[in-house]
Every structure is written in structure tokens, then in C-alpha cells.
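First comes the structure, then the notes that go with it.
The values are calculated or read from the model by the stated rules, or taken from the named source; none is laboratory data. Remember, it's a predicted structure, so these values are computed and weren't measured experimentally. Please note: Cβ atoms are built from the backbone with ideal geometry, for glycine as well, and neighbour counts cover all protein chains shown. With ligands, DNA and RNA removed, areas are computed over all heavy atoms of the protein, side chains included. Shrake-Rupley method; radii C 1.70, N 1.55, O 1.52, S 1.80 Å.
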Amino acid sequence: MPEDTLLAAPAASSPVCRELTVSELRRTGSESGLASPSGAGPDHSHWLLDLELSEGFPGEDGWTPGQFVMLRPVSWAFEPLWARPFSICMLERGVLRIFFQVVGRGTRAMSALRRGDRVVVWGPLGRGFVVEPETSTLLLAGGIGLAPFIGYARRHPRPDKARLFFGHRPEIAEYPLDLLPEAVVVEASRQTCAEELACFVGDLERRIAEYAARQGLILACGPHPFLQAVQSLALKHRARTQLSLENRMACGVGACLGCVTETTNQGLPVKVCTQGPVFWAQDVNLGGAA
Amino acid sequence: MNLAVELAGLWLKNPVLTASGTFGYGVEFAPYGDLTELGGIVVKGLSWEPRAGNPMPRIAETPCGMLNAIGLQNIGARRFVEEKLPLLPWAEVPVIANLYACDVEDFARLAEYLAGQEGVAALEVNISCPNVQAGGVLFGQDPAQAARVTRAVKDRAGTKPVIVKLSPNVTDITAVAKAAADGGADILALINTLSGMAVDVRTRKPRLANVIGGLSGPAIKPVGLRCVLQVSRAVDLPIIGLGGIASAEDVLEYILVGAWAVQVGTANFLRPDTAFRITADLPQLLDELGVSSWEEFRGALRG
Ligand SMILES: Cc1cc2nc3c(=O)[nH]c(=O)nc-3n(C[C@H](O)[C@H](O)[C@H](O)COP(=O)(O)OP(=O)(O)OC[C@H]3O[C@@H](n4cnc5c(N)ncnc54)[C@H](O)[C@@H]3O)c2cc1C
Ligand SMILES: Cc1cc2nc3c(=O)[nH]c(=O)nc-3n(C[C@H](O)[C@H](O)[C@H](O)COP(=O)(O)O)c2cc1C
Ligand code: FES
């Protein structure tokens, strides 16, 4: 397959690399609204990081929802080595906002950033989700997979056409659902055990079948097993579905070939960072991806 | 000072090139700097046919470094020439094709095809890739084989300089360097990645699907410096040094031990404007150190 045919939506502007300044870091679901006094938060905590845009960084109209940035605090020097990829949660009024969860050493170090710290950011990267203003659109988010949909819903010309079905394990208060436009209908479902998870998958299937029947659009982002489940249900019901993949990345710009995923048409593996992260469900083979 | 260097007919406006496999086909980095400011661009290793590479996961982070087992995924030499080369400003910055093949005859065919392209300034022969089953590093570990491959490429390269890229995964790198020189190499490039692995105690599995991969990044700079020093003492050919370069200071370290030019590799992943920043930082650092010509500075540590 020619390198550029798997495109979901074209990038709105060309990416840049800039050092941005942290203007705010806030732990969600916590009382204080400030970074915890000890610095780093406990594992699996959720954070909103605001970075002030500097000259030349694309703003408001320079990105499409589903695109991401690579982020690397200047203080990291060579450890960790790589930057980390994060969906653009919001890019408005001079601020780039990231919603992230602590899962390892990079995100733990990010949770200890302070106002004024410098962070190298390059982006906006990749191909985002399609926006079809008049089509009923179902947003399927699993956990931290909520992040790109906040931006998606805020940018959607008809948020009343969008509905969010959200599966999560941590408490709902950890998620900044208040950032969504009010017109978006939100249904959240918490899974804390295997039975609840099975029930969630049943609900997923009913919704996917329903949107397939009325030619709706389905967009999904979340952990790998969640995407695998959405993909198989989407194929079964022939639903028009896009998936945002979260493969491990070193460069984010299509140079290292470390982030690839297999396609269903026997071509060369495709780069998730530049040819994705958003793909049509029928185009990628998630079995082989890491 | 004038930053230009000439290596066996390969003219560079400054000694900072980008390393194969870490700079894509060059075009990926165009948004982050002016490609024509670089000394040269070495593109991702090309084979005759497109290659799908190794299974995932194929990269892992290590202390101050990374492991990769990409397995030379590439679009093939023809598509590179048709689709990527025309997008590069090759008239203003030398574009060097890095090539890989499984046998000597394939190396020769590939060399002839790529050397025949107007936009290709030189060939870099990868006889040192640790991530492929056939050929790969085996050519680079046996001096006789290294000489054969070099000769075959040189015979078909016409007037274009041939760079042979050496592996550090050998007991005596000077033996392979001498063999490449005997085979007709115009320039030597070193080092390629060090063979390594990483383990995950939680999953009790290797971190790479391929188990073993190539180590690169700041962690390997001491090995690269040592290899360049040894080879520059043993062989009278211009050397391009690489391994762990991430700053203008690193560039000068390599030049002090005998390199004529350098390549920036893994550091391009740390931020995509790294090579441009290093190039821009060089003049000031040279000024600060009171260096007025490459000839005076190069190899001063060689002894
Ligand atoms: C396009 C894209 C968009 C993303 N958007 C967001 C976002 O908006 N918010 C957010 O919190 N996270 C997002 N991620 C995931 C985020 O990049 C990882 O959580 C982060 O890189 C982990 O870094 P770490 O140093 O903390 O973890 P490490 O110490 O490197 O690893 C710790 C654990 O995290 C897992 N992990 C590592 N990398 C990833 C990854 N890329 N995806 C999923 N799990 C990973 C590892 O398997 C391991 O179990 C996104 C990833 C991609 C590729
Ligand atoms: C992801 C990756 C892919 C690479 N691919 C190639 C390649 O195709 N051909 C080649 O000769 N070297 C390849 N290399 C080796 C680099 O060009 C370089 O020799 C090595 O990484 C050491 O330099 P560094 O420490 O600056 O990265 C690759 C390295 C990395 C990290
Ligand atoms: S992250 Fe390097 S190619 Fe995608």
C-alpha cells in the first residue's frame, strides 16, 4: 500500500518543535486542585498539564482532534531517553492541555513538574479522527482514552450529535468530564470486576450494532484489549469505526519504525505515529501489535 | 572558521551528518529545520526489495540508550528513488544511500542502481546490521567477506565515494577496517549498534520480540570513541565517527580522536531538531575553544 493511503483525516498544519513552559499542573479528583505537596502523585493518579504556547506553535485551528504531541521535560537530559506521546486534550486560547495518567517512570516524573518548568514538545502529530458534523457519532473511550475525545467534542460543530460511552476502573471523579460540552450525552460505566467487564462488553456490542444499523460513526480510544474488542464487534456488525492506537513510540515523526502495526492487506507494516494513530477498524491487524 | 570538509571527493559544508535509520528518508525532519544546513543526510538502509522488518515489539528503552530490532523495514531502493529522493534538496546537501543486501551479487546490483542516481552523492555499505538473519553483521565480522563486499560495491559505484560502515561487535575492529580499505573503501563509518538485550522480570520475557537487538544512544559513546581512535591509528582513510553523539561537544570529541565528520543517530529521537541544533552550535563552540581549522584539531588525540 502506498505510504499515505491509510489516512483518516489530513493534518491541519505542519508540526513544530518548541520548548514550552508549564503554566499549571493539577491532579484531578483531588481536593486541593494543586500538585500534591510531596511532588509525585501515587501510581495511576490522573493529571491535567497546561503548557503555555510559545511563538510558532500551532493554536486553535492548527490541529485536528485525535492528533498527539511528543513531550519531553528539559530536565530529563538522557533519562528517560525518549519523549512520551500524549493526545492533545485541548489546544485553545494559548494553552496546550494534556490529560495523563501515571503508569511508569516518565509519567511519574511528569506529575512532579512545577510551574515554570520547560518541556520540549513537538506536534501536532499524526492523523486524527474524521469529523462528520451531521452524522450520529459514538465516542467509545476506555480509561485514559478519554483524553482525545475532550478535544473532539469541543471542536465538533454539532456536539448534540455526539454521545460518549465511557468505561473506566478508577473513580469517575478522576476524569475531567466537566470539560466536555454540555450537549454531549455521557454514559459512564465502571468496571471493578470480571462480571462488570463482561456486562460492559455486552453494552458495547448493543451500542455498536445500533450505530451500525443507522449508518452512524464510531470512534474508539483506550487500552489495547479494549480496542481489540471494539474492532471485532465493529467488523462483526459492519460498523463504520475508527480506532486510535497507542503503540510505544521513540520519535513520533516516522523515522525509527518502532511504532508500526500490521495492516490487513499484506503491505509493509504502517507507522502508527504518522499514518495513524487513528485507523479505520478494517485496515489494521491488532493481533500482532504491541 | 570554515567548517567545510572533503572526504575522498565527498564535499560537506560542515561535518554533521545524520545516521541511517534515525533520520527516516530525510523528509520526515523537514518541518523541524532546514535540511540544507546539514553536512549530509544518510537515509534509512535500503534493500532491493521492500522489507517488512521484524515483529513487534522492536524497540526498548535502556539506561541512556535504546535497543532496536527493526530488521531493516524499508520501501526498497526503487520506491526510494521514485518517491523520496525527488523531495530532498539533494542539489544543496549530499544525500547518502545506506544499502543492505543478503549476498555479494545483490550488494553489487543495488550499488550500481543507487550510484547511478543523480541525487545520490555517495553509498554507505551496511555490513554491520545485527538485526537481520542473513548477511548483516556476518559480512562485517569476517575481514575476508568485508573485503569482498567492499570490492563488489566499489566496482559498480562508478565515481561515487563508497563508505563502509563497521560493526563494533568484533574482537579487533582494525582488522575489518583494513580489509575494507584493501577492498577499495574510500571512507569508513563507525560504529553501528552494539549487540544487546533487555529483559522484563514482570512478564519474564525479553523486551524485544527478536530477543537480541542493537544498542545505541549516549550509552555507547565511549565505545564509538575507542573504535574511531583505534581505526584512525591503523588505517589511512577518512573516518566518519558515530555512536551516542547528542551535542556539538560530542562532535568535537570524535574529531579529536580522528574522525573527519560525524553522524547524529539516536539523539534525533530525543527531539527532532537535534541535528540542526548541533550544526548551529558548532561555530560558537569552536570559537570558544580557539580552533581555527579542522586540520589542526583533527586527530590531535591520536598520538
Ligand atoms: C498516540 C498516543 C496518545 C497517547 N495519549 C495519552 C494521553 O492522552 N494520556 C495518557 O495518559 N497517556 C497517553 N498515551 C500513553 C502514554 O504515552 C504512556 O502512558 C506513556 O508513554 C508511559 O510512559 P511512562 O514512562 O510513564 O511508562 P513506562 O515506564 O515507559 O512504561 C510503564 C508502563 O506503561 C505502559 N506503556 C508504555 N508506553 C505506553 C503507550 N504508548 N501506551 C500505553 N501504555 C504504555 C508500559 O507497557 C508499561 O506497562 C498515549 C500514547 C500514544 C501512542
Ligand atoms: C532505530 C534504528 C535504526 C537503524 N537502522 C540502521 C540502518 O538501516 N542502517 C545502518 O547502517 N544503521 C542503522 N542504525 C544504526 C545507526 O545508524 C547508528 O550506527 C547507531 O545507532 C549508533 O549511533 P547513535 O548512538 O548515534 O544512534 C539504526 C539505528 C537505530 C537506533
Ligand atoms: S515513533 Fe518512530 S516511527 Fe513512529
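Please identify, among A:Leu268, A:Leu96, A:Leu227, the residue showing maximal mean-square fluctuation in a Gaussian network model of chain A using a 10 angstrom Cα cutoff.
Fluctuation is largest for A:Leu268.
Return the calculated 222 nm mean residue ellipticity for chain B, to the nearest 500 deg cm²/dmol, obtained by summing -39500 (n - 2.57) across DSSP H runs with n ≥ 4 and dividing by the residue count.
Result for chain B, helices only: -8500 deg cm²/dmol.
Out of A:Pro73, A:Pro133, A:Pro124, any idea which swings most in a Gaussian network model of chain A, alpha carbons joined below 10 Å?
Comparing A:Pro73, A:Pro133, A:Pro124 in the GNM, the peak value goes to A:Pro133.
With +1 assigned to the C-beta of every Lys and Arg and -1 to the C-beta of every Asp and Glu, and no other charges, what is the dipole magnitude of region A:84-164 about the Cα centre in debye, to the nearest 20?
380
Relative contact order for region B:213-303: what percent, with Cα pairs under 8 Å and sequence separation of 6 or more?
Computed over region B:213-303, the figure is 30 percent.
Give the residue list of trypsin sites (Lys or Arg not before Pro) in region B:271-303 that are DSSP loop and have at most 13 other beta-carbon atoms within 10 angstrom.
Of the trypsin sites (Lys or Arg not before Pro), the ones in loops of region B:271-303 whose Cβ has at most 13 other Cβ atoms within 10 Å are B:Arg302.
State in Å² the accessible area per residue of region A:172-290; use a 1.4 Å probe, count heavy atoms of protein chains only, and round to the nearest integer.
42
Between B:Ala300 and A:Ile172, what is the FRET efficiency for a Förster distance of 60 Å, r being their Cβ-Cβ separation, to the nearest 0.05? Numbers along the way, then the final one.
Values: r = 65 Å, r/R0 = 1.08.
Plugging the Cβ-Cβ distance into 1/(1 + (r/R0)^6) gives 0.40.
Averaged over its residues, how many other protein chain Cβ atoms are within 10 Å of peptide A:242-252's Cβ atoms?
3
Say the dipole of chain A comes from +1 at the beta carbon of Lys and Arg and -1 at that of Asp and Glu; which of A:Val272, A:Cys256, A:Phe166 then lies farthest toward its positive end?
Of the candidates, A:Cys256 comes out farthest on the positive side.
Just list whichever of B:Lys154/B:Lys221; B:Lys154/B:Lys178; B:Lys44/B:Lys165; B:Lys44/B:Lys84; B:Lys13/B:Lys44 have alpha carbons separated by over 18 Å in the model shown. All intermediate terms of the calculation are to be shown ahead of the outcome.
On the way: B:Lys154/B:Lys221 30 Å; B:Lys154/B:Lys178 15 Å; B:Lys44/B:Lys165 13 Å; B:Lys44/B:Lys84 11 Å; B:Lys13/B:Lys44 22 Å.
From the list (B:Lys154/B:Lys221; B:Lys154/B:Lys178; B:Lys44/B:Lys165; B:Lys44/B:Lys84; B:Lys13/B:Lys44), the Cα-Cα distance tops 18 Å for B:Lys154/B:Lys221; B:Lys13/B:Lys44.
Relative to the Cα centre, what is the charge dipole magnitude of chain B, using +1 at the beta carbon of each Lys and Arg, -1 at the beta carbon of each Asp and Glu, and rounding to the nearest 20 debye?
The calculated dipole for chain B is roughly 1020 debye.
With +1 assigned to the C-beta of every Lys and Arg and -1 to the C-beta of every Asp and Glu, and no other charges, what is the dipole magnitude of region A:211-280 about the Cα centre in debye, to the nearest 20?
Taking the Cα centre of region A:211-280 as origin, the dipole is about 240 debye.
Leaving out same-chain residues fewer than 8 places away, which lysines sit with a Cα under 27 Å from that of B:Lys205?
B:Lys205 reaches A:Lys271.
How high is the relative contact order of chain B, in percent, counting Cα pairs under 8 Å that sit 6 or more residues apart? Walk me through the numbers on the way to the answer.
Working: 726 pairs, mean separation 59.5, N = 303.
Reported as a whole number, the value is 20 percent.
Apply the Karplus curve 6.51 cos²θ - 1.76 cosθ + 1.60, θ = phi - 60°, to the phi angles in region B:14-20 and return the couplings in whole Hz, x for Gly and Pro.
In residue order, the calculated couplings are 7, x, 9, 10, 9, 8, 4 Hz.
For the residue pair A:Ala183 and A:Glu92, what label-to-label distance in nm results when each label sits 7 Å from Cα along the Cα-to-beta-carbon direction?
For the pair A:Ala183/A:Glu92, the computed spacing is 1.3 nm.
Tell me, which residues of region A:48-97 get at least 30 Å² less accessible area when the other protein chains come in, versus the chain alone (1.4 Å probe)?
Buried-area filter returns A:Phe78, A:Glu79, A:Leu81, A:Trp82.
Kindly provide the GluC sites (Glu not before Pro) of region B:1-93 that DSSP labels as loop, not H, G, I, E or B, and whose Cβ sees at most 15 other Cβ atoms within 10 Å.
B:Glu92
Among B:Ser195, B:Pro168, B:Gly158, whose Cα projects farthest towards the positive end of the dipole of region B:138-209, with charges put on the beta-carbon of Lys, Arg (+1) and Asp, Glu (-1)?
Farthest towards the positive end: B:Ser195.
Hand me the GluC sites (Glu not before Pro) from region A:84-190 located in a DSSP loop with no more than 15 other Cβ atoms within 10 Å, in residue order please.
Details: sites: A:Glu92, A:Glu134, A:Glu171, A:Glu174, A:Glu182, A:Glu187; in loops: A:Glu134, A:Glu171, A:Glu182.
When the GluC sites (Glu not before Pro) of region A:84-190 are filtered for loop state and at most 15 Cβ neighbours within 10 Å, A:Glu134, A:Glu171, A:Glu182 remain.
How much of the accessible area of chain A, probe 1.4 Å, is carbon plus sulfur, in whole percent?
Looking at chain A in its full context, I get 50 percent from C and S.
Which listed residue (A:Ser232, B:Gln117, A:Gly126) has the Cα farthest towards the positive end of the charge dipole for the protein assembly as shown, taking +1 on Lys and Arg C-beta and -1 on Asp and Glu C-beta about the Cα centre?
Final value for the positive-end residue is A:Ser232.
Given only helices, namely DSSP H runs of n ≥ 4 each adding -39500 (n - 2.57), what is the per-residue ellipticity at 222 nm of chain A, to the nearest 500 deg cm²/dmol?
Computed ellipticity for chain A at 222 nm equals -5500 deg cm²/dmol.
How big is the gap, in Å, between the Cα center of region A:167-234 and the Cα center of region B:215-289?
One Cα centre to the other: 50 Å.
In whole Å, what is the distance between the alpha-carbon centres of region A:70-137 and region B:141-213?
37
Assign one of three labels to region B:264-303, namely rounded, prolate or oblate, based on the Cα gyration tensor with a ≥ b ≥ c the square roots of its eigenvalues; rounded applies when a/c is under 1.5, prolate when it is not and a/b is larger than b/c, and oblate otherwise.
Values: a/c = 3.78, a/b = 1.78, b/c = 2.12.
In terms of gyration-tensor shape, oblate.
When the Cα centres of region B:87-122 and region A:252-290 are compared, how far apart do they sit, in Å?
27
With a cut-off of 8 Å between alpha carbons and a minimum separation of six or more residues, what is the relative contact order of region A:40-195 in percent?
Working: 269 pairs, mean separation 38.2, N = 156.
Answer for region A:40-195 is 25 percent.
Taking 30 Å as R0, compute the FRET efficiency from the Cβ-Cβ separation of B:Ala144 and B:Met197 and round it to 0.05.
Here the calculated transfer efficiency is 0.55.
How far is it, in nm, from the label point at A:Arg190 to the one at B:Val211 when both lie 7 Å from their Cα along the line to the Cβ?
About 4.6 nm, to one decimal.
Under the Kirkwood approximation applied to all pairs of distinct alpha-carbon atoms, what is the hydrodynamic radius of chain B in Å?
18.9
Counting Lys +1, Arg +1, Asp -1, Glu -1, what net charge surrounds A:Glu24 among other residues with beta carbon under 12 Å of its beta carbon? Please list the in-between numbers first.
Working: positive: A:Arg26, A:Arg27, A:Arg97, A:Arg114, A:Arg115; negative: A:Asp50, A:Glu52, A:Asp117.
It works out to a net charge of +2.
Just to be sure I understand: if you take the accessible area of chain A alone plus chain B alone and subtract the pair, with a 1.4 Å probe, what total do you get in Å², rounded to 100?
Chains A and B together bury approximately 2900 Å².
Have a look at A:Gly104, A:Gly143, A:Gly29 and tell me which one the Gaussian network model of chain A (Cα, springs below 10 Å) gives the largest fluctuation.
Between A:Gly104, A:Gly143, A:Gly29, it is A:Gly104 that shows the largest mean-square fluctuation.
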